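I have placed the structure first, in the form of structure tokens, so that the comments after it can refer back to it.
The values are calculated or read from the model by the stated rules, or taken from the named source; none is laboratory data. Worth saying up front: this structure is predicted, and the values here are computed from it rather than measured. FYI the Cβ positions are ideal-geometry reconstructions off the backbone, even for glycines, and counts take in every protein chain you see.
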Amino acid sequence: MKYLLGCCGRIVETDNMPVWCIRCGEHRIKVTEFTEDTMLPCPFCGGHPQAEAMNTIGLYWYECDDCGGASGSADDWVEARKKWNERK
Ligand SMILES: [Zn+2]
Ligand SMILES: [Zn+2]
């Protein structure tokens with residue numbers, strides 16, 4: 001399983017849900033399961049990504065609700081999600 005650590009936003013791969021962060025040394029951190037469908041918050045403002053698409057030409061991307069920061073466009077949602085999540 002992959003888990004997203006609330007303290008520093010790292011993604012770790014372990015069998016059991018982590019209860020503390022090795023990097024931060026913080027306990028009782030907020031941990032969420034990270035799946036293919038998980039969308040990270042906006043790296044600029046922490047806002048929520050909004051799905052955008054131009055179906056006519058088959059372009060898909062995500063755009064931040066708050067600051068309008070966008071991921072690169074991709075050919076499908078899976079790729080667009082990846083681009084959004086990997087953006088720093
Ligand atoms: Zn941490
Ligand atoms: Zn934003």
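Can you tell me which residue within the stretch 46-88, out of those that are assigned to a loop (DSSP other than H, G, I, E, B) and within 13 Å of the chain's Cα centre (by Cα), is farthest from Gly6 (Cα to Cα)?
In this case the residue turns out to be Ser71.
Among the criteria (1) in contact with a His (Cβ under 9 Å, 6 or more places away or on another chain); (2) away from ligand 1 (no atom under 16 Å from the Cβ), the one Trp77 does not fulfil is (1).
Does Gly25 satisfy the condition of being part of a loop (DSSP other than H, G, I, E, B), at pLDDT 95 or above, on the phi > 0 side of the Ramachandran plot and not β-branched (Val, Ile, Thr)? For Gly25, the condition - part of a loop (DSSP other than H, G, I, E, B), at pLDDT 95 or above, on the phi > 0 side of the Ramachandran plot and not β-branched (Val, Ile, Thr) - is met. The residue that is farthest from ligand 1 (Cβ to nearest atom), among those in the stretch 35-73 that are among the polar types (S, T, N, Q) and surrounded by 13 or more Cβ atoms within 10 Å (Cβ to Cβ), is Ser73. Would you confirm, using the coordinates I've provided, whether Met17 is in a loop (DSSP other than H, G, I, E, B), touching a helix residue (DSSP H, G or I) at 6+ places or on another chain (Cβ under 9 Å) and among the hydrophobic types (A, V, I, L, M, F, W, C)? Here the answer is no, as Met17 does not meet what is asked. In the stretch 74-88, the qualifying residues are those that are out of contact with any strand residue (DSSP E or B) (no Cβ under 6 Å at 6 or more places or on another chain) and crowded, with 17+ Cβ neighbours inside 10 Å, and the one that is farthest from Thr56 (Cα to Cα) is Asn85.
Screening Ile57 against (1) within 16 Å of ligand 2 (Cβ to nearest atom); (2) without any contact (Cβ under 8 Å) to a residue 12 or more places away in the chain leaves a single unmet condition, (1).
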